[in-house]
1. How much of the accessible area of the range 328-403, in percent, comes from carbon and sulfur atoms when a 1.4 Å probe is used?
2. Taking every eigenvalue of the Cα gyration tensor of the range 1-147, multiplying by 5 and rooting it, what semi-axes result, largest first, whole Å?
3. Set the Förster radius R0 to 60 Å, insert the Cβ-Cβ distance between Glu285 and Asp147 as r into 1/(1 + (r/R0)^6), and round the FRET efficiency to 0.05.
4. What FRET efficiency would be calculated for the residue pair Val243, Asn65, taking the C-beta separation as r and a Förster radius of 22 Å, to the nearest 0.05?
5. Accessible area per residue for the range 28-106 in Å², computed with a 1.4 Å probe and the full protein assembly in place, what is it?
6. What is the Cα coordinate range of the range 328-403 on the first, second and third principal axes, sorted by size from largest, in whole angstrom?
7. Can you bin every Cα-Cα distance in the range 237-311 into 5 Å intervals starting at zero and give me the percent of pairs per bin, rounded to whole numbers?
8. Based on Cβ point charges of +1 for Lys and Arg and -1 for Asp and Glu, what charge dipole magnitude is obtained for the range 12-163 about its Cα centre, in debye rounded to the nearest 20?
Amino acid sequence: MVPPAGTPPPNPQQIQQFLSSVLSQRGPSALPYAEDTKWLIRQHLLTLISTFPSLDPKTATFTHNDGRSVNLLQADGTVPMPFQGVTYNIPVIIWLMESYPRHPPCVYVNPTRDMIIKRPHPHVTPSGLVSIPYLQNWIYPSSNLVDLVRELSACFSREPPLYSQRRPSPSPNSSPNPNPSHNQSNPAVMSNYGPSPSPQARPQPARPFPPSPYGGRPQPQPQTEDQTEVFKRNAVNKLVEMVHADITGMRKAREVEVEGLFSTQALLRRREEEIDRGLKELQDEREGLEQQLQIVLMNSDILEAWVRENQSKNIDLKDLNVDNAFECVDVLSKQMLDCTSADLAIEDVVYALDKALQEGAVPFDSYLRNVRLLSREQFFHRATAAKVRAAQMQAQVASMASRSPHYAT
């Protein structure tokens, strides 16, 4: 490939500084790219410029179909196109859209005034928009600009997208052109975008390029393409379409499988959380049961010790006095026992009076009088029990306070 005449080679240091500057801007003038992808965009452009120096990174205003205008990065320049042993330069503009690199860039063929777009073309629309399988099958993060330009070069080599417009015929007084092939329609033949001819090169025969569909006089002798080449090109295009269809189907199938795996992963994570909660609850319950078991074992030891201690005592159950079966530790405990037993006894008496009233064994006035007396007596017993309980609590606190220095030492 021969770069355009008069264009100095790009300075890598200046390009790096330019990209670092525009991608590090903040505020309203910042480029609309995600922060986590700006470093990858910079690397893609640097690799592209180092591989294809004919492309130059710039910033320009891109207008969407809905009228929105946004400042974006672009790679403007030429793409090499080998065609029948000669390398031509196709002018293109590669726009890096807002969602790049997660989504493919937007590629346009940029013809000059002396060029026209071939119609119809399998990969280029009349407006210059390029659509090739590599763009349609863009995969983040493996896809990149270098491979894109290589695919553009390969696709354009099979089917050139541009033709040079026909020049007007020279006047009869002018000298005839020794090489008539330059008057024919050649793909992308321009002073700045074609190959540099050698001064000593011999005239080449006319190349079988398809004529431009726009303007110009018809060829005096129409040229036909070789049937073998036509068949080969059609077969290659058919294979590309079949491979593209297979890749699209496989990608859709893989996407469905990935979605299913994501759903299964989410379900497994929920079940994992449920299992973890269940295990934690079981561990807590186990610890609680172990504590209760320790309490039961301690109480069993106390009861067994009491049984062993009192087993040797010969007690005649016939002469046993129920009131003396339990001995209180102190006066407060004895008073609490008396108040509690009196309270429960009054409850039983009131219950018996209720039954007798329902059966008609006790007159109603007698029932009311006895219930009033019993309730008054029960009130005093309960009040006394409450005072005794408070006194016991105070005594217990005082006892614990007196023993605390002993435990502290």
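The values are calculated or read from the model by the stated rules, or taken from the named source; none is laboratory data. No experiment lies behind these values; they were computed from the predicted model shown. For neighbour counting, all protein chains shown are included, and Cβ atoms are generated from backbone atoms with ideal geometry for every residue, glycine included. Each accessible area value is taken on the protein alone, full model and side chains, heavy atoms only, with ligands, DNA and RNA left out. Shrake-Rupley method; radii C 1.70, N 1.55, O 1.52, S 1.80 Å.
1. Carbon and sulfur together cover 63 percent of it.
2. Each semi-axis is the square root of five times an eigenvalue, giving 25, 19, 15 Å.
3. With R0 = 60 Å, the Cβ-Cβ based efficiency is 0.50.
4. So the FRET efficiency works out to roughly 0.15.
5. Result: 42 Å² per residue.
6. So the three principal-axis extents are 60, 18, 15 Å.
7. 3, 12, 7, 9, 7, 7, 7, 5, 6, 5, 5, 4, 4, 3, 4, 3, 3, 2, 2, 1, 1, 0
8. 100
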